[in-house]
Amino acid sequence: MDNLAHAAKIACLTFTISLVISFLFEFSLAIWISLAILCAVILTGILFDLIGTAVTAATEAPFHAMGADKVAGSKEAIFLIRHADQVANFCNDVIGDIAGTISGAIVASVILQVCQGKLNGLQDILSASGIALIAACTVGGKSLGKSFAIKRANDIIFTVGRFLSLFKIFDFDVKKRKRKNKPGSRKVKRKNGKTIGKN
């Protein structure tokens, strides 16, 4: 049930962000601004895919020694690794889908500006070429990133952890919460409410 609720939240978040950004790019921007944003979006998608891959390949053990020495970012790195499935889902799927949506919106905006008042045939050719180019850059970049992420997984997650340690927005508590009543130590009470011992 918790997994279903988490998936629903992620789906709603993705839908909302994608809808808002797609709406914003309905307004014409200068071509060079659109291209600059397009490059930034593609690089963001590749970067988050790199993190999502690294967090599933990273090992927790080296960061415990760092945590003992109170190295900044070690606690955050352990937290990310312990929640690798959620982090990977957010980085690879949510951010990846949003980046793809934004890229498509930007390409559409640029092509409409370039082909304004021109033949529809040229618009079709540029649309196909633009989509193919974006796909090639994105897939190629992610492919290179995955190889690097697997080889340097711990270094990447440590870098992310150090970055997150600069902000105190999230509570990266890696200690397990202790139960109030541990198994085997439950107090037994008489009918009058007085404690007589433990199980």
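Each residue of the stretch 145-153 was assigned a 3J(HN,Hα) from its phi angle through the Karplus expression (A = 6.51, B = -1.76, C = 1.60, θ = phi - 60°), giving x, 5, 4, 5, 5, 5, 6, 10, 4 Hz with x at Gly and Pro. Among LEU38, LEU4, LEU126, LEU133, a tally of other beta-carbon atoms within 10 Å of each Cβ gives an order, fewest to most, of LEU4, LEU133, LEU126, LEU38.
Rule-based calculations on the coordinates, nothing more; no lab input. It should be emphasised that the depicted structure is a prediction, and the values quoted were computed from it without experimental measurement. Using ideal geometry, Cβ is built from the backbone for each residue, glycine included, and neighbour counts are taken over all protein chains shown.
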